1. Among all residue pairs at least 6 apart or on different chains, which show Cβ distances below 9 Å where the first residue, located in segment 121-139, is over 21 Å from S84 (Cβ atoms) and the second is surrounded by 24 or more Cβ atoms within 10 Å (Cβ to Cβ) and acidic (D, E)?
2. Among the numbered criteria (1) in contact (Cβ under 8 Å) with a residue 24 or more places away in the chain; (2) over 28 Å from V71 (Cβ atoms); (3) exposed (fewer than 15 other Cβ atoms within 10 Å of the Cβ), which one does A229 miss?
3. Consider segment 234-265. How many of its residues are of a type outside the set (F, W, Y) and closer than 19 Å to V418 by Cβ?
4. Within the set of pairs 6 or more residues apart or between chains, which connect a residue that is closer than 26 Å to N86 by Cβ and in contact (Cβ under 8 Å) with a residue 40 or more places away in the chain inside segment 258-270 to a residue that is of a type in the set (S, T, Y) and surrounded by fewer than 24 Cβ atoms within 10 Å (Cβ to Cβ) with Cβ atoms less than 7 Å apart?
5. Looking at (1) touching a helix residue (DSSP H, G or I) at 6+ places or on another chain (Cβ under 6 Å); (2) more than 17 Å from V395 (Cβ to Cβ); (3) crowded, with 23+ Cβ neighbours inside 10 Å, which is the one condition that is false for H329?
6. Could you tell me whether segment 76-90 includes any residue that is buried (at least 20 other Cβ atoms within 10 Å of the Cβ), more than 27 Å from A355 (Cα to Cα) and either at pLDDT 95 or above or basic (K, R) (or both)?
7. Going by the conditions given, is D291 modelled with pLDDT of 95 or more, charged (D, E, K, R), under 30 Å from H247 (Cα atoms) and under 22 Å from the mean Cα position of the chain (by Cα)?
8. Return only the number of the condition from (1) assigned to a strand (DSSP E or B); (2) at positive phi that A382 does not satisfy.
Amino acid sequence: MATAPAQSVQQAAGDARRAGVVAAHSLAARAGADILEAGGNAADAAVAVAAALAVVDPANCGIGGYGGLAVVLRADEEGASQVSFNAVVPRGYPAEGDSSGAGAQVSPPAVVPGLCALQSRFGRLPPDAPWAPAIRLAREGFPVGRDLAATLRWASTRHRTLSDEFRRIFFPGGAPAQEGQVLRQPEMAQTLELIAKRGAQAVGAGPVAEAVCRTVREAGGCVAPEDLASIAVKVAAAAEQRYGDAHVWAPDPEECGSSILFAALRDLDGRALGEARGGQYVDALRHAIADAWRMRNARYRPRVRAAAQTTHMCAGDADGMLVSMTFTHGPTWFGSGLVAPGTGMVLNTGTAIFARRASDGALVAQPHLTPVVMRRAGATFALGTPGGTRIPSIVLQAILDLVHYGVAPEEVFQGVRVSADGEGALEGEAALAARLPGTPFREIRTAEYFGPAGGLARPAGKKEWVAMLDPRFQGACAFAS
């Protein structure tokens, strides 16, 4: 997809930056800001944003997604917490890991249990409140934006397993919904209303769970009612890594891309990096990232090489609580392309992130998601991004910009991006050629990053949040008074 400047959606009130959110869609950002206006905190707002994204950005995420990860930092606590609702292996999944067919790609949807756990553990509003904006968007509809229209056109010609129910919802009249066309999802609204009333049990048992299991089974998969009923969300202390005078928190490195990020930070700590994006910098990053991937791949052997369409969001409130969260369908826009009839739920492709653990051969989920919160000299930050295997390197460069180079938060995501694979092959955006003429690298198209990086920063001694937006995409921020 073509790139466009990031959007800023904020109120004109004098203290409009005391609480706010950053997300991949302006309507989702507005949903989070509305919950903050209603007295919610950052956790309440994060759930509202995620629920709204499930409605307005169904290509990248949804309540039928395989899961995600969140990190929560509260102003009055020394450390951060993680909420892990990672993908789980269905009990009936074949030992050989055969993932052919649309249904066989689906793992038990864990997004709703994760969001409910985040809100019940850290939120302060009644549990139904954060779901209200998404319910309204699904029932009343919203104008299809440029990005959704583009992904629907892609799906109409390139997605191999779109179900009839998917086509009925997203291809009204037989053609993909066009930019500006109002898209209504009444079945999704009903499911969201059920979640608002019953919480995670709405999808763990009953009609919704039965519809999901039947849809997956008829498409050759093995998700069973007991898989949905037994999804366990982990709420625990987040993992911590120091870089210089900064404390960086992320989910457990055994579960996500923070294993790459933390290893690279340890490698780079104290190493002279030279000029930002200069030759010494690029060489140091290439080696650190490649070494980290080699260590990761020696311990966890991916079954497939997968890209990752996903979404990231951040929320911060007036009390200083900060949430950074990434959640997803999996490696393909619109996940498996299956929609459970009567639910509006687009189902995931979670099995594509399964890997073999070298120590015992067990099949485990190994996503690249790397949501991060950071504290440095009294300032706090939230960072994250889509981008598949490049997520850790994008977050790494943002941390280096903030801590090592002192880049202003609002400029952090403007620098040229570089990455590397486990073989040490350098990757970079086209602008790297102008900075380092003659340096061989694989050019990465902007669209290969799959969406906007984003973040929030609260400078030391300040009570206002600064949005960190990615100029490559149409990310959005919204602030509440």
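1. Close Cβ pairs (under 9 Å, with a partner that is surrounded by 24 or more Cβ atoms within 10 Å (Cβ to Cβ) and acidic (D, E)) amount to R124/D44; L125/D44; A129/D44.
2. (2)
3. Number satisfying all stated conditions: 6.
4. L265/Y243
5. Among (1) touching a helix residue (DSSP H, G or I) at 6+ places or on another chain (Cβ under 6 Å); (2) more than 17 Å from V395 (Cβ to Cβ); (3) crowded, with 23+ Cβ neighbours inside 10 Å, the lone unmet condition for H329 is (1).
6. yes
7. Taking the combined requirement at face value, the residue does not satisfy it.
8. (2)
The values are calculated or read from the model by the stated rules, or taken from the named source; none is laboratory data. None of the values given here were measured: they were computed from a predicted structure. For neighbour counting, all protein chains shown are included, and Cβ atoms are generated from backbone atoms with ideal geometry for every residue, glycine included.
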